[in-house]
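Take a look at the structure below.
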Amino acid sequence: MRALRFRLFEMERLGSTSDLLRAMAARGAPEGTVVVAAEQEEGRGRLGRLWSSPRGGLWLSLLLRPPGTLPPERLSSLAPALGLAVLEAVEPWSGGHRLGLKWPNDLVAEEEGAWRKLAGVLCEAFPGGANGRSAAAVIAGIGINADFERERLPAELQSQATTLRRLAGGPVDLGELRRRLLAALERTWELWQQGGFAVLREAWLARAVWLGQAVELRGAPLRAEGAEERVVGGTFLGVDDEAALLLRLPGGRVERLLAGELSLRLGAQGGGSEADIPQ
Ligand code: ADP
C-alpha cells in the first residue's frame with residue numbers, strides 16, 4: 001500500500017470531472033490523479049441522476065487503483081467510507097449544525113428539524129487497461145455544496161439541499177476545504193485498504209442518520225434477481241463490515257442489503273425510534 005501522491009488538474013467548466021478522469025485513467029494516469037472543476041454541466045449522482053454543480057461548489061474526482069481485483073461487495077463499501085472523510089473535511093464550516101451520513105453515499109446536515117443533502121460520493125470501478133499494464137481503476141467523484149447560496153440550485157432541489165455557506169453563515173475558503181478533503185481522503189483510503197470498512201464502521205455508525213428508525217428502501221438491490229424496482233420497509237438496525245445495510249423486516253427477520261441502486265428514505269409513518277437501539 002502506497003501513500004497517495006496527488007496530481008491536480010484544475011479545470012474551469014466541464015461536463016463531469018469523473019468522465020474526464022476516466023479518460024485519463026484509460027490512458028494510464030496514476031493513482032492520486034485529481035480532476036477539479038469550478039463548474040460541472042453534467043455532474044452525476046447514482047443511476048445517471050444529475051448532480052447540480054454550480055460555481056462555488058467543490059467538484060472533484062480522485063483516481064484510486066486498488067491492488068488486485070475488487071468484487072462489487074467490497075467496492076460498495078468504499079463510497080460510505082469516503083463519505084466519512086467528506087464529513088470530517090467539512091466539519092469546520094458546519095456552523096454548529098449536526099452533520100450526518102445517509103446510507104450509502106450522502107452527507108446531510110440538520111436544518112429546521114430535517115436532514116438536507118450537503119454532499120455526495122459516487123464510486124465507479126473500471127477494469128484495467130487492455131494491455132494489462134494499468135491496474136483497475138476506481139474513480140471517486142465527490143461533490144460538496146460549498147461556497148454558494150442554496151438558491152443557485154434548481155428550485156425542486158432547494159428544500160432538500162443545503163450548502164456550507166448557508167450552514168456557516170458566511171464564505172467558505174474553497175482552497176482550505178480542498179486541502180482538508182484530500183488529507184481526509186488519503187487517511188481513509190489507507191485505512192480502508194488495510195482493514196476494509198470494518199475499521200471505519202463504528203465511526204460511520206456514530207454519524208448515521210435514521211438509525212433505529214422506520215425506513216424505506218427503494219430500487220434494485222445489488223444481488224437481486226432481475227432489476228425490478230423494489231420497496232422494502234423496516235427498522236434500520238445498522239451496517240455490517242461491508243457497509244451493507246441491516247434492516248429488520250416487520251416479521252422480525254433481518255435482511256442484509258448492499259447499496260446497489262437502493263435509496264434510503266424515512267419510513268412513511270415518520271419513524272419512531274426503538275428503545276433497544278443505541279443512538
Ligand atoms: P439518492 O440520495 O436519492 O439515493 P443520489 O445519491 O444518486 O440519490 O443523488 C442524486 C440526487 O441528488 C438527484 O436526483 C437530486 O435529487 C439530488 N441532487 C442533485 N444535485 C444536488 C446538489 N447539488 N445538492 C443536493 N442534492 C442534489
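The values are calculated or read from the model by the stated rules, or taken from the named source; none is laboratory data. Small disclaimer: the values here were computed from a predicted structure and weren't measured. Don't worry about glycine lacking a Cβ; one is built from the backbone with ideal geometry, like all the others, and counts go over all protein chains shown. For the accessible areas, the whole protein counts, side chains as well, though only heavy atoms, and no ligand, DNA or RNA atoms are used. Shrake-Rupley method; radii C 1.70, N 1.55, O 1.52, S 1.80 Å.
Going by what's in this entry, would Leu167 be described as assigned to a helix (DSSP H, G or I), of a type in the set (A, V, I, L, M, F, W, C) and within 12 Å of the ligand (Cβ to nearest atom)? Taking the combined requirement at face value, the residue does not satisfy it.
Please tell me if Glu190 is open to solvent by 40 Å² or more (accessible area, probe 1.4 Å) and free of Cβ contacts under 8 Å to residues at least 40 places away in the same chain. It is false that Glu190 is open to solvent by 40 Å² or more (accessible area, probe 1.4 Å) and free of Cβ contacts under 8 Å to residues at least 40 places away in the same chain.
Considering region 14-33, and only residues there that are touching a Ser or Thr at 6+ places or on another chain (Cβ under 7 Å) and surrounded by 20 or more Cβ atoms within 10 Å (Cβ to Cβ), the residue that is farthest from Gly83 (Cα to Cα) turns out to be Leu21. In the set (1) open to solvent by less than 20 Å² (accessible area, probe 1.4 Å); (2) among the small types (Gly, Ala, Ser); (3) within 12 Å of the ligand (Cβ to nearest atom), Ala81 fails one condition alone, (3).
Which residue is modelled with the highest pLDDT, if the candidates are limited to region 46-69 and must be aliphatic (A, V, I, L, M) and surrounded by fewer than 17 Cβ atoms within 10 Å (Cβ to Cβ)? Among residues in region 46-69 that are aliphatic (A, V, I, L, M) and surrounded by fewer than 17 Cβ atoms within 10 Å (Cβ to Cβ), the one modelled with the highest pLDDT is Leu50. Taking the criterion of being touching a residue at least 12 places away in the same chain (Cβ under 8 Å), closer than 25 Å to Leu245 by Cα and assigned to a loop (DSSP other than H, G, I, E, B), the residues of region 58-112 that qualify are Pro66, Thr69, Leu70, Ser76, Ser77, Arg98, Trp103, Pro104, Asn105. Evaluated against (1) farther than 23 Å from Pro66 by Cβ; (2) in contact with a Gly (Cβ under 8 Å, 6 or more places away or on another chain), Arg218 falls short on exactly one condition, (2).
Tallying residues that are out of contact with any strand residue (DSSP E or B) (no Cβ under 7 Å at 6 or more places or on another chain) and crowded, with 22+ Cβ neighbours inside 10 Å within region 87-107 yields 3.
Cβ-Cβ contacts under 6 Å between residues 6 or more apart (or on different chains), taken from a first residue in region 14-30 that is closer than 20 Å to Gly45 by Cα to a second residue that is surrounded by 14 or more Cβ atoms within 10 Å (Cβ to Cβ) and among the charged types (D, E, K, R), are listed as Ser16/Arg44. Is there a residue being touching a strand residue (DSSP E or B) at 6+ places or on another chain (Cβ under 7 Å), within 16 Å of the ligand (Cβ to nearest atom) and assigned to a strand (DSSP E or B) anywhere in region 18-33? No, there is no match, as no residue in region 18-33 is touching a strand residue (DSSP E or B) at 6+ places or on another chain (Cβ under 7 Å), within 16 Å of the ligand (Cβ to nearest atom) and assigned to a strand (DSSP E or B). In region 235-256, the qualifying residues are those that are part of a strand (DSSP E or B) and either in contact (Cβ under 8 Å) with a residue 24 or more places away in the chain or in contact with a His (Cβ under 8 Å, 6 or more places away or on another chain) (or both), and the one that is most open to solvent (accessible area, probe 1.4 Å) is Leu237.
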